[in-house]
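*Asks:* First the structure, which I've put down as structure tokens, then a few questions once you've had a look.
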């Protein structure tokens, strides 16, 4: 089971590391962090670099490709989109977290397909031909998209059960003790105080900018 | 608000990145990944390296120190424990995720204090003088410990509210869309199927080894 996780400067670390922590525990998993350049990749808050182990050209075909979201995700046509389209031809699952779905859609991979994204970016999927579909995890064919940032853990557990069975997925969940207990109920616009939702709508462009 | 996150070879990536994604969004946050060596730090599954930006000697005093768990966490007396004890004298909060609490306890910082850990390691806290206390997040004085791996997100949101207020913490929660929806209920030994709990007890030593 080969899994390629895309990296790019400005990516959100948890978008990648949440699902990584699940998928890396699949039996026989080989996870590769890939990027336009190999080496340190600066994440969105500026305080952390992850290492891309291979360039896009070096990356072998994978069963699962995952695209994280981030600040200014790569939406412009270019080598990264070429790579995504080629990688997609080999995958069993092509997946994203947060505004990573905008990247997949901009590369033409979600045309006419239902997909989710960060709640502040969901509507933008339509600009790129996808069908905005609210949901923590949305699966349409082999395309599985997750909502904002932390949703990648839920996405990956769902995926783990599909590729390796329920028992394996449950063992991974228990191994990472994923029994979440958020101290507040502010995790979605439907449950957060209205003032907090309004605040984030105003700050939207500093959270991510889809150019 | 200065935050130092400890790194070491074999650490579990999500233990650090979950809380990082919350704490880095505190107003004025300066997060530094620190380690015995600066540069790439290999995480437990062998597929990913995070960059330590500064050595322990270079790290300035911080308001919050966070110790992640991992495979073979550093429990032996040495420079890393010296650093932790010195760092602790400057902190407002000394914190851990997963078996990171064993490291804090082994360094003598949790003596007589209530603390939590990964469910498979909870009892071991007593070996190091701490009081094993089941819980997703356990706070005793300025010492805040989280349960296994994914609990770091809950720990950090709790901490965010204590240091920056409820509104800030809620805004961060909504920003990372932390409205978890695990597809299964196997995240704790109390809710997982008994066969899965038994499986993990058998595999315990391959999940982490506290030497």
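The values are calculated or read from the model by the stated rules, or taken from the named source; none is laboratory data. From a predicted model like this one, the values you see are computed outputs, not experimental measurements. Positions of Cβ are backbone-derived with ideal geometry, glycine not excepted, and every protein chain shown enters the neighbour counts.
*Asks:* Is it the case that residue B:55 is at pLDDT 95 or above, in contact with a strand residue (DSSP E or B) (Cβ under 9 Å, 6 or more places away or on another chain), more than 11 Å from every other protein chain (Cβ to nearest Cβ) and on the phi < 0 side of the Ramachandran plot?
*Replies:* Here the answer is yes, as residue B:55 does meet what is asked.
*Asks:* Residues in the stretch A:136-174 that are surrounded by fewer than 21 Cβ atoms within 10 Å (Cβ to Cβ), out of contact with any strand residue (DSSP E or B) (no Cβ under 9 Å at 6 or more places or on another chain) and in a helix (DSSP H, G or I): how many?
*Replies:* So the answer is 5.
*Asks:* Quick test for you: out of A:100, A:135, pick the one residue that is out of contact with any helix residue (DSSP H, G or I) (no Cβ under 6 Å at 6 or more places or on another chain) and closer than 12 Å to residue A:75 by Cα.
*Replies:* Every option except A:100 fails the conditions.
*Asks:* Given the condition crowded, with 22+ Cβ neighbours inside 10 Å and away from chain B (no Cβ under 12 Å), answer yes or no: does some residue in the stretch A:34-45 qualify?
*Replies:* yes
*Asks:* Quick one: is residue B:130 touching a strand residue (DSSP E or B) at 6+ places or on another chain (Cβ under 6 Å), surrounded by 20 or more Cβ atoms within 10 Å (Cβ to Cβ) and either free of Cβ contacts under 8 Å to residues at least 60 places away in the same chain or closer than 22 Å to residue B:88 by Cβ (or both)?
*Replies:* yes
Conditions tested, residue by residue: (1) at pLDDT 95 or above; (2) under 19 Å from residue A:169 (Cα atoms); (3) over 21 Å from the mean Cα position of the chain (by Cα).
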site	(1), (2), (3)
B:130	yes, no, no
B:157	yes, no, no
B:196	yes, yes, yes
B:201	no, yes, yes
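*Asks:* Still on this structure, I have one more. Show the residue pairs meeting these rules: Cβ distance below 6 Å; 6+ apart or different chains; first residue within the stretch B:179-196 and more than 7 Å from chain A (Cβ to nearest Cβ); second residue surrounded by fewer than 16 Cβ atoms within 10 Å (Cβ to Cβ) and modelled with pLDDT under 95.
*Replies:* Once the first residue is more than 7 Å from chain A (Cβ to nearest Cβ) and sits in the stretch B:179-196, no partner that is surrounded by fewer than 16 Cβ atoms within 10 Å (Cβ to Cβ) and modelled with pLDDT under 95 comes close enough.
*Asks:* For the stretch A:1-32, enumerate the residues that are assigned to a loop (DSSP other than H, G, I, E, B) and either within 15 Å of residue A:164 (Cα to Cα) or within 8 Å of another protein chain (Cβ to nearest Cβ) (or both).
*Replies:* The answer is A:1, A:12, A:24, A:25, A:26, A:27, A:28, A:29.
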